[in-house]
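Okay, so here's the structure we're looking at.
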Amino acid sequence: MIRLDKLLAKNGYGSRKEVKKLIRNSLVSINGNIVKNDDIKISENDIILVDGVQCFYQENYYIMLNKPAGYVSANEDNLHPTIMDLIDIYNSDMFCVGRLDIDTTGLCLITTDGKLAHNLLSNKKHVEKEYLVTIAHPLNQEDIDKLSSGIVIDGDELCLPAKVNIINDNLITLTICEGKFHQVKRMLKAVNNEVIKLKRIRMKDLILDENLAEGEYRLLTEEEINKLKA
Ligand code: URA
């Protein structure tokens, strides 16, 4: 159950005050009955119409975006477009779980669920993030060993062991379970290599949907949400 005015405000129908005005103006109905009272609670099965348009009951949003390069993974930016510019769903509480660099592409999880975000980002939980990495030079066995056993970056920052999977001389997947600043780029730099392209393809069990072109998004399925929460 959620309060009607809270649900409408969360779904972009304005502030709580503006939502109350919609209700006062008889523009909101539940199951065909015009709503008179703004502190009413609604449940999943109620059909809510605002000025004739259905508003879905949703406690939280979970969106998978295939981020293109050139977009900042933040809600606002003074210089560049942000990932929120790519999403038509408006909700003032939405944010991106963990930042990708402006030139990184791939899986962005956008949600309103602060608890889930906290669990996915917590350093204690060691949630896996898998990247497809185009590299300037082939990795040798010594490089792989260093990355896999926990490499020191920038002189004094120790990374947890990463999983390295060689696809070809210039393409690898790297799976890390922390979120240090520019971590993948710095790890490759520490073995005298360079990241040419970086794409996140997985976070925990959530795999980037290959049907999403860059800039496209979709809502997560119930199953995907449950796996992320597990
Ligand atoms: N590591 C990086 O270096 N950049 C990203 O965007 C993500 C991980």
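The values are calculated or read from the model by the stated rules, or taken from the named source; none is laboratory data. Note that the structure is a prediction, hence the values are computed from the model and not measured. Cβ coordinates were reconstructed from backbone atoms using ideal geometry, including for glycine residues, and neighbour counts include every protein chain displayed. Protein only, heavy atoms only, side chains kept; ligands, DNA and RNA dropped before computing areas. Shrake-Rupley method; radii C 1.70, N 1.55, O 1.52, S 1.80 Å.
Picking from Val35, Val53, Val133, which is most flexible by a Gaussian network model of the chain using Cα springs under 10 Å? Looking only at Val35, Val53, Val133, the biggest GNM fluctuation is shown by Val53. Shown for the chain: the carbon plus sulfur share of the solvent-accessible area, taken with all protein chains present and a 1.4 angstrom probe, equals 49%. Shown are Asp77, Asp5, Asp85, whose ranking by accessible area with a 1.4 Å probe and every protein chain present, most to least, is Asp85, Asp77, Asp5.
Considering only alpha-carbon pairs that sit under 8 angstrom and 6 or more positions apart, the relative contact order computed for the chain is 20 percent. The residue list His182, Ile225, Ile23 was ranked by how far each Cα lies along the charge dipole of the chain toward its positive end, using unit charges on Cβ atoms, and Ile23 comes out on top. Rounded to the nearest 20 debye, the dipole size of the chain about its Cα centre is 740 debye, using +1 on the Cβ of Lys and Arg and -1 on the Cβ of Asp and Glu. Quick check: from the Cα gyration tensor, does the stretch 66-133 come out rounded (a/c under 1.5), prolate or oblate? Verdict is oblate for the stretch 66-133. Is the shape of the stretch 2-55 rounded, prolate or oblate, going by the alpha carbon gyration tensor and its root eigenvalues a ≥ b ≥ c, with a/c under 1.5 for rounded and a/b larger than b/c for prolate? Since a/c stays below 1.5, the shape of the stretch 2-55 is classed as rounded.
Entry comment: accessible area of the chain is 55 Å² per residue, from protein heavy atoms only and a probe of 1.4 Å.
Summary: within the chain, the longest segment free of chymotrypsin sites (Phe, Trp or Tyr not before Pro) located in DSSP loops with at most 12 other C-beta atoms within 10 Å is 91-180. Between Glu44 and Gln141, what is the FRET efficiency for a Förster distance of 41 Å, r being their Cβ-Cβ separation, to the nearest 0.05? Efficiency for this residue pair is about 0.15. Our note on the geometry: Cα centres of the stretch 24-59 and the stretch 144-160, 54 Å apart.
Shape verdict for the stretch 129-203, please, from the Cα gyration tensor: rounded (a/c under 1.5), prolate (a/b greater than b/c) or oblate. Rounded is the answer for the stretch 129-203, as its axis ratio a/c remains below 1.5. A straight Cα-to-Cα reach below 23 Å connects Lys180 with the lysines Lys67, Lys115, Lys124, Lys125, Lys129, Lys146, Lys163, Lys189, Lys197, Lys199, Lys204, Lys229, residues fewer than 8 places away in its own chain not being considered. In plain terms, the C-alpha convex hull of the chain casts an average shadow of 14.8 nm² when viewed from every direction.
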